[in-house]
Amino acid sequence: MFFFSMLAWNIGLSLLKWPGFGPGTFIGLDNYVRLARDSDFWESWAHAAWYIVPFAVLPTALALVLAAVSIESFIGRWLRKLAPLARSGLFLPQIVPISISALIWLGLVDAAGHVQWLKEPTPALVLVSVFMLWLQTGFAYIVLIAGLSRLHPSLLEAAELDGAGRWQRLRYVMLPALRSELFVVLVFLGAGALKVFAPVYYLTGGGPYGSTQTPATFAIGNFFGGKSVGYAAAVTTVSALVIALALAITFTIARRMRARR
Amino acid sequence: MSQAIHTPTGAPTHTPTPSHSHARKLDGAKLLGATAISAIALLWLVPVWVTLLAALKSGEEFSATSLFALPSQIEWHNFGVLFGAINIGEKIVNSFVISGGAMLLSLLIALPVAYAVAVGRHRLGPAVIAVSVLIFLLPLESVAYPIYLLSKQLGLYGERAFVIAPLGIIGAAFGVFLLSNVMRHLPRELIEAAELDGATKLSLLTRIVFPLLLPTVLVVGLLLFVSNWNEYLISLLLLPETSTQTVPLAVSMVNYGQFGGAPGQLVAAASLLAALPSLLVFLLFQRALVRGITAGIQ
């Protein structure tokens, strides 16, 4: 209830022309009309769409390969002792506050003498993307490992004895078993990518020249940049709508597919 | 949604299958795979390792040596500065109060709701689950500003207690989702037997369900605590005074704010302190945490 009344309030704000103090004027959908014409806004969505790759797709793909190799390698008296190391190493970025890990990365970039990376659009975008990959791989990894450990080891060995190579074991034995895990991970991370804030905000603040800007950093800049609260509220309302819509579509498709099987 | 609670995580447990005898002779492919994965995990740890080294160096040594050089002698001075000039102890207390308070609030809301949904099979159950998922997948930014306005209108702007409320409510959505998923797998016979014995709904929850789920509840609590500890947006908006700020906020201040461009070794020490509680929780309860996350998902 609380959450949705706040959401409704936000929608209300989005109908006002209001700089954040004094009285506001009701201007109907004008903020949305302005948004539709704002190239910065569209650009932030283009970035959000791109961030799905380093925030959701790449971590999931990398984690899938890592998990597949792990499940077949960390076997036996000595090698299995390495499994916790792999798990904690990869999962650690999920535990450290993002504001802090961003600070650490900035320090690393600085110490490596590449500060100019943050001042040029393309290197900044690449850096943010690599940071996202570092952040999210661990989440996908532990979920997929948990899914794989439900498989009986003899299943994989039987496949190996039958002459299935690594790739075939991944494709025909592991992937089908991981269907629900992959779905959940991609939905979580995909939604996360569309609303991503902290990794961008703390690494580049959305700059340079808006080249890493996301809808979320764009909105926060407008809320507190003293520009227009109503306008920023319109941005976040659109974000919430887009994500809700994307989720609705995803879940409907998933249900249809499940029904067909 | 398969059987979730007791799935083993991490390495598969030993079963007397051919794999055992197979593994006796260390075969090349396995060794190579294990080494590659471990190497990647170590690569992932580089930023944290470098921070640890930097935090223990003196200013001169930090600027003179490479990032990867071990400190010649361990320097506690950086932490002294943090506790002295920046009063980070106060921030640690703030963070504990806010994270802990919000965690308790979340659990107080989530336990009865999850119980009604999963065990009581309340007719609104599916709707409640859908709403919970929506709450933690929708962007926080879309409610952040109204929360900020509300705090001003209620005259609670800058109060730590007011930060607890929204964090607790949003955490509760996550708690409902996870706990109801786990509760659904409780044996029905147990609950039916207790009902026959005349147990009321409340006593069922407190006497039977809660003790059974205690480990899961603890895990959810820890997860919530860690995510609250790491929270930045709400606390950034609602806590203007340095005396009420949380550790992550204070640490970004060390870098940008009044200590703008602070020396690297100081920032490193502050970062380490900020991440420490979460790291400890993770290292101590690693298996349980991972199991908790995956249990909610399957």
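The values are calculated or read from the model by the stated rules, or taken from the named source; none is laboratory data. In this text, all values refer to a predicted model and were calculated from it rather than measured experimentally. All Cβ positions, glycine included, derive from the backbone under ideal geometry; neighbour counts span all protein chains shown.
Assess whether B:Phe174 counts as being among the hydrophobic types (A, V, I, L, M, F, W, C) and under 23 Å from B:Phe96 (Cα atoms). Yes; evaluated as a whole, the condition is true for this residue.
Select the helices (runs of 4 or more DSSP H) contained entirely in segment B:125-201, then report the ones holding at least 2 residues which are in contact with a Ser or Thr (Cβ under 9 Å, 6 or more places away or on another chain), of a type outside the set (A, V, I, L, M, F, W, C) and away from chain A (no Cβ under 14 Å). Let's see the steps before the verdict.
On the way: elements: B:125-137, B:141-153, B:160-183, B:188-196.
Answer list for segment B:125-201: B:160-183.
With the requirement that a residue be outside any loop (DSSP other than H, G, I, E, B) and farther than 18 Å from B:Ala118 by Cα, what does segment B:202-232 give you? Once the filter is applied, which keeps residues that are outside any loop (DSSP other than H, G, I, E, B) and farther than 18 Å from B:Ala118 by Cα, segment B:202-232 yields B:Leu218, B:Val219, B:Gly221, B:Leu222, B:Leu223, B:Leu224, B:Phe225, B:Val226, B:Ser227, B:Asn228, B:Trp229. Screening A:Tyr209 on (1) in a helix (DSSP H, G or I); (2) of a type in the set (Phe, Trp, Tyr); (3) over 24 Å from A:Ser70 (Cβ atoms) shows it passes everything except condition (1).
Please give the helices (runs of 4 or more DSSP H) falling wholly within segment A:29-139 in which 1 or more residues are within 24 Å of B:Ala275 (Cα to Cα) and among the hydroxyl-bearing types (Ser, Thr, Tyr). So that I can check it myself, show each step before the final result.
Values: elements: A:30-37, A:39-52, A:58-73, A:83-95, A:98-111.
The qualifying helices (runs of 4 or more DSSP H) are A:83-95, A:98-111.
Part of a helix (DSSP H, G or I), touching a Phe, Trp or Tyr at 6+ places or on another chain (Cβ under 6 Å) and crowded, with 18+ Cβ neighbours inside 10 Å, is that true of B:Ser106? Against the criterion (part of a helix (DSSP H, G or I), touching a Phe, Trp or Tyr at 6+ places or on another chain (Cβ under 6 Å) and crowded, with 18+ Cβ neighbours inside 10 Å), B:Ser106 does not qualify.
Taking the stated definitions as given, is A:Leu118 under 14 Å from A:Ala63 (Cβ atoms) and surrounded by fewer than 21 Cβ atoms within 10 Å (Cβ to Cβ)? Spelling it out, it is not the case that A:Leu118 is under 14 Å from A:Ala63 (Cβ atoms) and surrounded by fewer than 21 Cβ atoms within 10 Å (Cβ to Cβ).
Please state which one of A:Leu182, A:Leu194, A:Leu203 is under 24 Å from B:Phe136 (Cα atoms) and facing chain B (nearest Cβ under 10 Å).
Details: A:Leu182 fails: facing chain B (nearest Cβ under 10 Å); A:Leu203 fails: facing chain B (nearest Cβ under 10 Å).
Step by step, each of A:Leu182, A:Leu194, A:Leu203 is checked, and only A:Leu194 is under 24 Å from B:Phe136 (Cα atoms) and facing chain B (nearest Cβ under 10 Å).
Filtering segment B:170-219 to residues that are touching a Gly at 6+ places or on another chain (Cβ under 7 Å) and modelled with pLDDT of 80 or more leaves B:Phe177, B:Leu178.
Within segment A:113-148, work out how many residues are among the polar types (S, T, N, Q) and farther than 26 Å from B:Arg291 by Cβ. Can you show your working first?
As a first pass, look at segment A:113-148 and keep what is among the polar types (S, T, N, Q): A:116, A:122, A:129, A:136-137.
Filter once more, keeping what is farther than 26 Å from B:Arg291 by Cβ: A:116, A:122, A:129.
Final tally of qualifying residues: 3.
For segment B:95-102, the criterion of being loosely packed, with under 15 Cβ neighbours inside 10 Å, part of a helix (DSSP H, G or I) and modelled with pLDDT of 75 or more is met by none of the residues. Of all the criteria given as (1) within 28 Å of the chain's Cα centre (by Cα); (2) buried (at least 19 other Cβ atoms within 10 Å of the Cβ), the one not satisfied by B:Gly158 is (2). Of everything in segment B:50-67 that is among the hydrophobic types (A, V, I, L, M, F, W, C) and more than 10 Å from chain A (Cβ to nearest Cβ), the residue that is farthest from the chain's Cα centre (by Cα) is B:Ala64. Among the residues making up segment A:135-179, a single one is among the hydroxyl-bearing types (Ser, Thr, Tyr), within 11 Å of chain B (Cβ to nearest Cβ) and exposed (fewer than 15 other Cβ atoms within 10 Å of the Cβ): A:Ser154. Under 24 Å from B:Ile37 (Cα atoms), among the polar types (S, T, N, Q), at pLDDT 80 or above and under 24 Å from the mean Cα position of the chain (by Cα) - does that describe any residue in segment A:98-112? Yes, segment A:98-112 contains a residue that is under 24 Å from B:Ile37 (Cα atoms), among the polar types (S, T, N, Q), at pLDDT 80 or above and under 24 Å from the mean Cα position of the chain (by Cα). A Cβ distance below 6 Å, combined with a sequence gap of six or more or placement on separate chains, defines the contacts here; from segment B:220-237, residues that are over 16 Å from B:Leu105 (Cα atoms) reach residues that are at pLDDT below 80 and of a type in the set (A, V, I, L, M) in the pairs B:Leu233/B:Leu140; B:Leu233/B:Ala144; B:Ser235/B:Leu249; B:Leu237/B:Ala144. If the condition is being without any contact (Cβ under 8 Å) to a residue 12 or more places away in the chain and within 7 Å of chain B (Cβ to nearest Cβ), then segment A:90-122 contributes A:Ile95, A:Val96, A:Pro97, A:Ile100, A:Ile104, A:Gly107, A:Leu108, A:Ala111.
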